[in-house]
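Novice: Before we start, here is the structure in question, set down as structure tokens.
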Amino acid sequence: MRTVICRREQVFQGPLLLVNRAHPLRDRTPAQLVAADCRYPEVLLDRRAAELLTACIQRVGGVREIVLVSGYRSQAEQQAIYDDTLAAEGEAFTSAYVALPGCSEHQSGLAVDLGRAAEEIDFIRPDFPDDGVCGAFRRMAAQYGFVQRYRREKENLTGIAAEPWHFRYVGVPHSLLMEANDLCMEEYAAFLRQGRQRCALPGGQTAEVFYVPSTGEEMALTLPDGCCQISGDNAGGFIVTLWGCQP
């Protein structure tokens with residue numbers, strides 16, 4: 001066993017941050033941003049997210065048909081997109097499809113908008129259908145750590161209209177747990193508070209996930225030896241992932 005110290009500021013760091021109007025990003029400088037695809041050098045993502053996005057697109061044979069439309073955005077870029085959309089489309093459209101600056105997942109470097117290759121692609125609402133390689137990507141995404149972030153049946157929770165083109169990297173096993181239990185990010189931490197969750201992984205291993213509320217400026221967690229991840233949730237606690245658990 002080992003002891004890990006978690007500090008309050010770490011609640012606002014990690015790949016499992018909830019980002020929405022009620023939970024804006026505290027740290028807006030993602031580390032290790034890279035170009036996810038050499039064809040779109042301007043589209044940057046977190047390094048691990050970029051690697052797995054590329055792998056998933058290749059797996060479904062979508063290299064020529066799936067376009068990376070938008071990845072990481074700075075505060076200034078998100079502000080410009082918000083202002084331009086507001087001026088062109090009005091308040092109702094903008095609030096439905098464009099997050100407030102500081103409240104956009106794109107500013108975390110963990111979100112990507114994808115589109116089907118075409119001569120013209122709508123930057124705000126790219127076409128990403130359910131059929132063909134786009135549909136194949138959607139069905140395979142959770143295996144590579146991605147979830148479709150904004151679904152129609154979750155609009156009352158996310159505050160954003162359905163966006164079949166917007167995918168968020170959370171990593172395995174979280175993507176698998178969210179898909180299996182029909183959860184959006186707004187529901188995930190509450191789900192984990194109900195008790196520890198186990199998830200079977202490819203290769204026969206099992207991961208265990210649990211939630212720990214932040215209880216002070218500094219707190220100690222006693223964890224088993226082995227590979228683990230501790231991510232803040234941007235809402236008051238930590239999501240702990242242990243890999244290599246016994247089935």
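Novice: What are the residues in region 221-240 that are within 19 Å of the chain's Cα centre (by Cα) and either over 23 Å from residue 200 (Cβ atoms) or buried (at least 22 other Cβ atoms within 10 Å of the Cβ) (or both), if any?
Specialist: The answer is 232, 233, 234, 235, 236, 237, 238, 239.
Novice: Kindly provide the set of residues from region 35-59 that are of a type in the set (A, V, I, L, M, F, W, C) and either under 29 Å from residue 159 (Cα atoms) or touching a Gly at 6+ places or on another chain (Cβ under 9 Å) (or both), ordered by number.
Specialist: 35, 36, 43, 44, 45, 49, 50, 52, 53, 56, 57
Novice: Can you give me the ranges of the strands (runs of 3 or more DSSP E) entirely in region 1-59 with at least 2 residues that are free of Cβ contacts under 8 Å to residues at least 60 places away in the same chain and of a type outside the set (Asp, Glu)? Walk me through how you get there before you give the answer.
Specialist: Values: elements: 2-7, 33-35, 44-46.
Here the list reads 33-35.
Novice: Taking region 99-137 as the search range and keeping residues that are over 14 Å from residue 85 (Cβ atoms) and among the polar types (S, T, N, Q), which one is most open to solvent (accessible area, probe 1.4 Å)?
Specialist: 108
Novice: I've got another one for you. Looking at 69, 43, 4, 19 in this structure, which one is out of contact with any helix residue (DSSP H, G or I) (no Cβ under 6 Å at 6 or more places or on another chain), open to solvent by less than 90 Å² (accessible area, probe 1.4 Å) and over 28 Å from residue 120 (Cβ atoms)? Give the derivation first.
Specialist: On the way: 69 fails: over 28 Å from residue 120 (Cβ atoms); 43 fails: over 28 Å from residue 120 (Cβ atoms); 19 fails: out of contact with any helix residue (DSSP H, G or I) (no Cβ under 6 Å at 6 or more places or on another chain).
Exactly one of 69, 43, 4, 19 is out of contact with any helix residue (DSSP H, G or I) (no Cβ under 6 Å at 6 or more places or on another chain), open to solvent by less than 90 Å² (accessible area, probe 1.4 Å) and over 28 Å from residue 120 (Cβ atoms), namely 4.
The values are calculated or read from the model by the stated rules, or taken from the named source; none is laboratory data. Please read these numbers as outputs of a predicted model, since none were measured by experiment. Note that each Cβ is placed from the backbone with ideal geometry, even for glycine, and that neighbours are counted across all protein chains shown. Remember, those area values only see protein heavy atoms, side chains included, never the ligands or the DNA or RNA. Shrake-Rupley method; radii C 1.70, N 1.55, O 1.52, S 1.80 Å.
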